[in-house]
1. Over the range 277-434, what lengths in whole Å, largest first, do the semi-axes of the equivalent ellipsoid take, defined as the square roots of 5 times the eigenvalues of the alpha-carbon gyration tensor?
2. Relative contact order of the range 501-617: what whole-number percent is it, with Cα pairs under 8 angstrom and at least 6 residues apart?
3. What percentage of the solvent-accessible surface of the chain, computed with a 1.4 Å probe over protein heavy atoms, is contributed by carbon and sulfur atoms?
4. Going by a ≥ b ≥ c, the root eigenvalues of the Cα gyration tensor, does the range 91-241 fall in the rounded group (a/c under 1.5), the prolate group (a/b larger than b/c) or the oblate group?
5. Compute the semi-axes of the equivalent ellipsoid of the range 182-277, taking the square root of 5 times each eigenvalue of the Cα gyration tensor, and list them largest first in whole Å.
6. Name the residue farthest towards the positive end of the dipole of the chain from the options PRO408, ILE276, MET365, assuming +1 on Cβ of Lys and Arg, -1 on Cβ of Asp and Glu, about the Cα centre.
7. Which peptide among 207-213, 614-620 comes first, and what is the full order, when sorted by highest mean count of other Cβ atoms within 10 Å?
8. Which of the peptides 268-275, 378-385 is most tightly packed, and how do the rest follow, going by the mean number of other Cβ atoms within 10 Å of each residue?
Amino acid sequence: DGYEPLEIEAIVFRISDKEVCDRLAEQAVGYAEGHRAQREALSVLLNSGPFRPGQLFLLMEEQNIELILTPNNFIDRVASASDYIPMANYKSGYWADHWTYYMDFIDTYLSIYPDSEERILFLEQLPYFFSPASVRPRNRKYVLSLKYSGHGYHVRQLDATLQKDDEKENLKKQYMDNSTDWYDADANWQRDQEGNIFKSSVVVKLLLLGTIKFASRDAYGMGIEYEGGKPGWNDAMNGLPGMIGSGMPETFELDILLKFLLKVVSKHYRRVPVPIELKTLCDAINRSLRTLQKKNEFEDVSKLNTTVPDYLFQYWNEVATARENYREDVRLGFSGKTSTLTPEDLQWIIRSWLLEIEKGKARAMSMGSLGDGDDGTSGIIPTYFSYNVKRWEETGNHNEDGHPLVVPLEMELERFPLFLEGPVRMMKAVDREEAMTIYRKVRNSPLRDEKLNMYTISASLKGQNMDIGRMMAFPSGWLENQSVWLHMSYKLYLEMLRKEMFVEFFHEMQSGGILPFMDPDSYGRSLMECSSFIASSAFEDPARQGRGFLGRLSGSTAEFLSIWILMFIGPDLFYINEPTGELRMQLLPALPLWLFESDQGDDDNGQPLSISFKLFGMITVTYYNVVREDLYRVPPSRYVVGLRDGSTTDIYGPSIPQWLADKVRKVVFTDYISVYFE
């Protein structure tokens, strides 16, 4: 359905073959006759359904089962004989941004295993999560309700997701495990009409995700609708889904996803079987798209106003209906039928969709933001929109709270002040030159806190509608109302590094934007600890400005780890040498000279400056900066690789060949790597 269940649990192990369990039990407790009771008990435990290592050890302890193997050896043997089953639980609502991190996972994996790209994307088969919830169609969630002021009525999107679908619950009960009085692990998966777990390749699942998100663009074709009932990254905008809101951040992530699909489809040129329900949705989208393209071929975005034109409204309505029909078709399971798409089919579909996304971006830039002191001419992409339904028709039905349900007939755009997330996500989707332009505009905008040399999560929210969410309950400069939210600030710095804006990035770092370079007296806590937010200079109490609040290990820490990887390792540690098809390894740091030091202190007698780190947590890597310059993606001159058997290998040139790169990638063979820049 285009969403994830929110709570991803640890995988479980399952061994279905009783003979395998008997063999493992014999190896674990011994063959002696006196150990028979323990062997049989352990075999039963291993063969009694899904388990996790901790659960297994606890049950073994309760039954006094003693191992003759080490615990590590035992669990390694158990794991190698088991099937791995992912586990998840649905929680309240469907967050609009959680899918946007999948490409980060894929990019990270392929930076280590680029030689597995085709296998992972086209050959591995994955199931679909069977969620107990269902996204409601518009005619079941667009309601007529009293305005916040108490005067008049407006249309709001309420209870967008049916939290508990009784038909789905009844289907899951077929997989109840009577021994545990809980669902078997197989209850988590979507099935076909024959009762088989339905699976697709990764590339097909990504195509399905991209299709649903493309079909979820708002009425102006700009942002992705928050139609699941939850906002995106900025969860303090929790009123925005009710306002029929949408976000440009998700649009830029869709752009990245579709471009990745276009690249791999063109590269590997494989035919792919897709669920027939997905093919039906794609066909419906493309029929409506062809009609739209005839009507807006010569669209002048500068002449558009806040009222959604009829041709765009008609397209939105048709595609949203197709999306709702698709969801109903697969709500209880797939048919099991597939339709094969050729590389040419996929290329045409993706390219036409990317063209429409570009048109939506142009409209968003033309519409601009709107807020206190903001007339929309900053040249910075807006982050959020919402839509007022100007005309509607009642369906004759009511929701659970008695509100009349309606269908929209005409819509008008509402704009918001500047938020940092929009331009940051846009930087991720554009080239270096455009990213630099975005950064400079942000730096010269109200999003820049000049006093603190930092960036705020939003510009002033003065005068905004209380409906947008809880951020309006906070004073300016506090929490999500115009404070410095470290997670989003660090996302900005990460994108600067990704786009190789090295001088600007390290200037921001040393100016106090990134820990540990902040003023400790102002920050008010350890410079080794991230905070949720820093009170900005917009906060009314000068003594609190610059102080970090709510220490945590979360988003900003994760972004800092990504920054650290790009600084010390580079974007693609392993890559495929295109002319030969050979795997190679290359360390391409982005480190300024001031981070290097000599073992002999300031009086270094001309010795090379160096810096060290741990690769994969085990391999000591030392950079020797013989040239004494900033190393901004400068290829090494040579490597010395020391293996754990005591041997060393000198590699002259910028990269390490396959035979040795593979040993480094397997980690356990390699002790250290010395890297020289001469």
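1. After diagonalising the Cα gyration tensor, the semi-axes are 29, 25, 16 Å.
2. 14 percent
3. After summing per-atom areas, the C and S share lands at 50 percent.
4. Taking the square roots of the gyration eigenvalues as a ≥ b ≥ c, the range 91-241 is oblate.
5. Semi-axes from the Cα gyration tensor: 28, 22, 11 Å.
6. In the chain, that residue is PRO408.
7. Top of the packing list down: 207-213, 614-620.
8. Ranked by mean Cβ neighbours within 10 Å, highest first: 378-385, 268-275.
The values are calculated or read from the model by the stated rules, or taken from the named source; none is laboratory data. Since the structure is predicted, the reported quantities are computational estimates derived from the model, not experimental observations. With ideal geometry, Cβ positions are generated from the backbone for all residues, glycine too; neighbour counts draw on all protein chains shown. Just so you know, the surface numbers come from the protein's heavy atoms only, side chains and all, with ligands and any DNA or RNA stripped out. Shrake-Rupley method; radii C 1.70, N 1.55, O 1.52, S 1.80 Å.
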